[in-house]
1. Identify, by number, the condition in (1) at pLDDT 95 or above; (2) of a type outside the set (A, V, I, L, M, F, W, C); (3) not in a loop (DSSP other than H, G, I, E, B) that residue 543 doesn't meet.
2. For the subset of region 368-384 comprising residues that are part of a loop (DSSP other than H, G, I, E, B) and either touching a Cys at 6+ places or on another chain (Cβ under 9 Å) or touching a residue at least 60 places away in the same chain (Cβ under 8 Å) (or both), which member is surrounded by the fewest Cβ atoms within 10 Å (Cβ to Cβ)?
3. Among (1) modelled with pLDDT of 85 or more; (2) part of a helix (DSSP H, G or I); (3) more than 24 Å from the chain's Cα centre (by Cα), there is one condition residue 330 misses while meeting the rest; what is its number?
4. Looking only at residues that are out of contact with any strand residue (DSSP E or B) (no Cβ under 9 Å at 6 or more places or on another chain), part of a loop (DSSP other than H, G, I, E, B) and at pLDDT 80 or above in region 192-237, which one is farthest from residue 157 (Cα to Cα)?
5. Return the residues of region 285-332 that are more than 16 Å from residue 262 (Cα to Cα) and polar (S, T, N, Q); say none if nothing qualifies.
6. Test of understanding: among 37, 61, which residue is modelled with pLDDT of 65 or more, closer than 24 Å to residue 158 by Cβ, of a type in the set (A, V, I, L, M) and surrounded by 14 or more Cβ atoms within 10 Å (Cβ to Cβ)?
7. What about residue 307, is it in contact (Cβ under 8 Å) with a residue 40 or more places away in the chain and in a helix (DSSP H, G or I)?
8. Would you say residue 478 is within 37 Å of the chain's Cα centre (by Cα) and either of a type in the set (Val, Ile, Thr) or buried (at least 16 other Cβ atoms within 10 Å of the Cβ) (or both)?
Amino acid sequence: MDIPELDEMIFKRLSLHDLSQCARVSKKWHHIFVPYLWRDLSCLDYVKSASFPRGRAFAKLVLEDYLLEQQYQDSQEEEEEEEEEEEEDTPQSEQQQQQHTQSSSTLPPRRLAKYCQWIRELPHAECLHMHFAALCSSSPRIQHVLDQLAQTEAGLMRQLYKQCPNLLIDYWNIHPIFLKKEDVLKVVAEYPVPRTCHLHIGTQHYHTEIPAGRIKHLLSHCSSALEKLTLESRIVCSGEEEEEEKEEEETEDHPAEARPWTQLKRLHLLGPCDDPYPKAFWEWLWKRCGAIEQLKLQYITAIRSSLVEGIAAHMPHLTKIHLKECSSREDTEAILATTRQGWKEVIMEGGSIFPQLTTHLMNHSITLERLVLDRVHGITDKDKAQLLACCPHLRDFTDLYAVRSGSGRLKQGFDAQCFIDQDHDSGALKSWMCEASLRVLKIRICGIPRPDVNEDLVNEVYLGHGRVMQNRVYDRLARFTNLETLWLGGNDLSQVCGCLEMSLESGLDRIAGLKELKELNVSCMRTRIGEEEVKWMVEQWPKLSVVYGLLEKSRDKKAVEWLRYNRTNITLR
């Protein structure tokens, strides 16, 4: 334990129980292990039967430190009063003065002050509040002492943050319970908020309404360290807040409040508001978002017009958009048409998408680098093939998730005939502009006739039709020469109807040119991968490191055993 770099590698693999045991071996070991024992307090994050005693113990340590400091301050005040009285009556001797000075300068032993210098990760605000509140209410004596000091759990939180002045908090989730208590709100705004990199305000329950004035109060304390902001609750504006905003506009400007967050790259608005919404608050927020690059939106109808204006006026670097459950056609259309530079990344998750979606995406085909479709309605497989053919810089295309049609029928995935995309006259495959740029392809190719699978409902038009179609699919895949990740199945999905066999007999050797391939997923597919196929894969794809799906019950056990014994560098999942 003389080389710090090796110590770091070893200690990261030890559990908290192991670290605590090592810290009790000797004084030397205690000095070495205690910093690692206190570095991560993530075990306090969740109030469960196993972790709740730990949280109570930590809260008790903070309480002891807090009470000791209060006692010390009280004793200091008493000594100062005695000094004043003695100075008025009779002068003290030099020896008495020295003893009195030494006693007044001696600090009480406080473990929290010693350990906090090692803490790197603290629990979330909600969890800490619950631990402190439970401790304060568990003992009448403690409650009586805190009442005398006019403090509650807010005082304990302030005590903890004062002992950790250099703490930088990666993630802070502020529950609405903090926005209801004035004393706790002040502590959160003063200490953790200025130090956090990712600030999350709200809850998953969208019926929770948060006053815009309190949100603005918290955000005004954020520093330049803020990199990500998530607002996840309905934000409302009361009559008092509207009057205050009018008074501010009439009296003076606040240039400090409008100062942008230079490091804020990601903004997530998930169910942020409801009609009527606080327009002045959103205008104030947009002015601080000049560095935003990625925007995630959900249920934005109420702020659509304000958001579009904010993007156009204050977000020149915005190139990534994530639309989740945006069922309004006007919302989707307005957002996709707003960016200045063109979208580089578009993620669409759920919602009823209008039929003209392909046209709007085609407008950004020159800049588009990543396209993810998750249960998206209104875009056909032909539209997807058209997008792939027209995006010269596309690096990631994901379309794994099954959707239900209007009749309720489950659509399995990307139809093989549309994916082949061959010219009807010549029979040659059409050229796609993304063939050289594509690095990640995650699709579920379906609709191939498979006579070898009795459960398959796709029938052959002629004898050998299924094998011919598979050859054409392999030919299309072979054109993505720089492909690194190929997913043709997914772990959380049902069986694909009419998938590739992935056998050498079906034409697997046609994609031998994918020399950059690192990750392969064949989960939930009726494949015929055997020992011969896995030997061929490791020979033709030298960079292959992860394979999903070979551990399923119906797989060839010999193929799995061969990989485990002969290619230990390949991970099976």
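The values are calculated or read from the model by the stated rules, or taken from the named source; none is laboratory data. Everything numeric in this text was worked out from a predicted model, so none of it was measured. Counting neighbours? That spans all protein chains shown, and the Cβs are built from the backbone with ideal geometry, glycine included.
1. It fails just one condition, (3).
2. Here is the first cut: in region 368-384, the ones part of a loop (DSSP other than H, G, I, E, B) are 368-369, 375-380.
Right, trim to either touching a Cys at 6+ places or on another chain (Cβ under 9 Å) or touching a residue at least 60 places away in the same chain (Cβ under 8 Å) (or both) and you get 368-369, 380.
On the way: 368: 26, 369: 19, 380: 12.
By that ranking, first place goes to 380.
3. (1)
4. Only one residue fits best here, namely 224.
5. Answer for region 285-332, where residues must be more than 16 Å from residue 262 (Cα to Cα) and polar (S, T, N, Q): 298, 301, 305, 306, 319, 327, 328, 332.
6. Details: 37 fails: closer than 24 Å to residue 158 by Cβ.
On inspection, the qualifying residue turns out to be 61.
7. Working: in contact (Cβ under 8 Å) with a residue 40 or more places away in the chain: no; in a helix (DSSP H, G or I): yes.
Spelling it out, it is not the case that residue 307 is in contact (Cβ under 8 Å) with a residue 40 or more places away in the chain and in a helix (DSSP H, G or I).
8. yes
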